[in-house]
Amino acid sequence: MARLRVAVLISGRGSNLQALIDACADPAFPAEIELVISNVPGAPGLARAERAGIRTDIIDHKKFPDRASFDAALNLALDGAGIELVCLAGFMRLLTDGFVERWRDRMINIHPSLLPAFKGINVHERVLAAGVRLTGCTVHFVRPAMDQGPIIVQAAVPVLPGDDAARLAERVLAQEHKAYLLALRLIAEGRVQVRDERVEINGASGPAIAALMNPTG
Ligand code: GRF
């Protein structure tokens with residue numbers, strides 16, 4: 001069976017990208033990364049792609065007069081590579097509604113909280129300040145509103161006594177890598193459908209699959 005042709009969009013470190021690269025290195029994995037795009041020249045994630053022999057493209061948002069022309073350049077690169085699914089992995093640019101609609105149900109994002117709680121940035125600091133006992137991560141289809149859209153996978157992570165933002169971020173990140181892989185695998189296997197803005201996996205409603213993920217593992 002043909003593998004799903006994926007592009008990963010990054011702005012920085014690229015540890016989620018690395019998790020996807022490692023999974024796709026297995027020819028039995030149902031997706032392959034055709035292209036990595038960074039909007040930041042020199043983003044460390046680019047070197048990860050290069051090491052893996054994956055094509056990279058730098059599309060620097062600062063070189064475009066507005067969001068629409070930047071997004072048009074993204075589309076050109078994605079179309080040129082025959083991309084079927086876009087994975088945002090630490091991509092720190094807001095995309096235009098037109099771009100998001102064009103990739104509706106074909107673009108996913110990972111966020112380091114249990115959405116819809118704690119959208120936006122500085123998530124772990126806000127989680128600690130709020131005193132919640134349980135946080136986690138979410139992989140979701142992208143919609144025009146930031147950090148919103150049908151949820152594919154979630155993993156829960158306990159907030160432990162003595163946690164600071166860095167320690168909590170590290171434990172959540174370990175789960176992000178697993179959650180992103182699971183979401184990509186489910187989509188590439190054709191097991192994910194969006195109905196009434198909720199995800200169904202093999203016909204079962206909701207992100208219950210995340211309950212399978214070991215929160216402490
Ligand atoms: C992750 O925490 C992700 O959830 C958020 O940005 C961070 C990116 O990390 N959207 P990395 O670049 O994948 O290491």
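The values are calculated or read from the model by the stated rules, or taken from the named source; none is laboratory data. Computed from a prediction, not measured in an experiment: that's the story for all the values here. In this analysis, Cβ positions are derived from the backbone assuming ideal geometry, glycine residues included, and neighbour counts consider all displayed protein chains.
Annotations
- Residues located in region 1-18, provided they are more than 8 Å from the ligand (Cβ to nearest atom) and surrounded by 16 or more Cβ atoms within 10 Å (Cβ to Cβ): Arg3, Leu4, Arg5, Val6, Ala7, Val8, Leu9
- For region 168-193, the tally of residues that are more than 14 Å from the ligand (Cβ to nearest atom) and either farther than 30 Å from Ala2 by Cα or outside any helix (DSSP H, G or I) (or both) stands at 5.
- Of the residues making up region 25-60, those that are within 17 Å of His177 (Cβ to Cβ), crowded, with 21+ Cβ neighbours inside 10 Å and within 15 Å of the ligand (Cβ to nearest atom) are Ile33, Val36, Gly45, Arg48, Ala49.
- Elements of type strands (runs of 3 or more DSSP E) in region 70-150, at least 3 residues being among the β-branched types (Val, Ile, Thr): 134-141
- Look at (1) within 15 Å of the ligand (Cβ to nearest atom); (2) in contact (Cβ under 8 Å) with a residue 40 or more places away in the chain and you find that Ile21 fails only one, number (2).
- Some residue of region 80-87 being in contact with a Gly (Cβ under 9 Å, 6 or more places away or on another chain), outside the structural domain of Leu168 (by TED's automatic domain parsing), at pLDDT 95 or above and surrounded by 15 or more Cβ atoms within 10 Å (Cβ to Cβ): no
- When we screen Phe64, Phe91 for residues that are without any contact (Cβ under 8 Å) to a residue 24 or more places away in the chain and either within 16 Å of the ligand (Cβ to nearest atom) or more than 24 Å from Leu181 (Cβ to Cβ) (or both), the only hit is Phe64.
- So Val132, is it of a type in the set (A, V, I, L, M, F, W, C) and either under 17 Å from the mean Cα position of the chain (by Cα) or within 25 Å of Glu200 (Cβ to Cβ) (or both): no
- Scanning region 94-124 for residues that are touching a residue at least 60 places away in the same chain (Cβ under 8 Å) and surrounded by fewer than 17 Cβ atoms within 10 Å (Cβ to Cβ) yields a count of 1.
- Every residue from region 44-60 that is assigned to a loop (DSSP other than H, G, I, E, B), touching a residue at least 12 places away in the same chain (Cβ under 8 Å) and farther than 21 Å from Trp103 by Cβ: Ala52
- Residue in region 107-121 that is over 20 Å from Leu173 (Cα atoms) and away from the ligand (no atom under 16 Å from the Cβ) present: no
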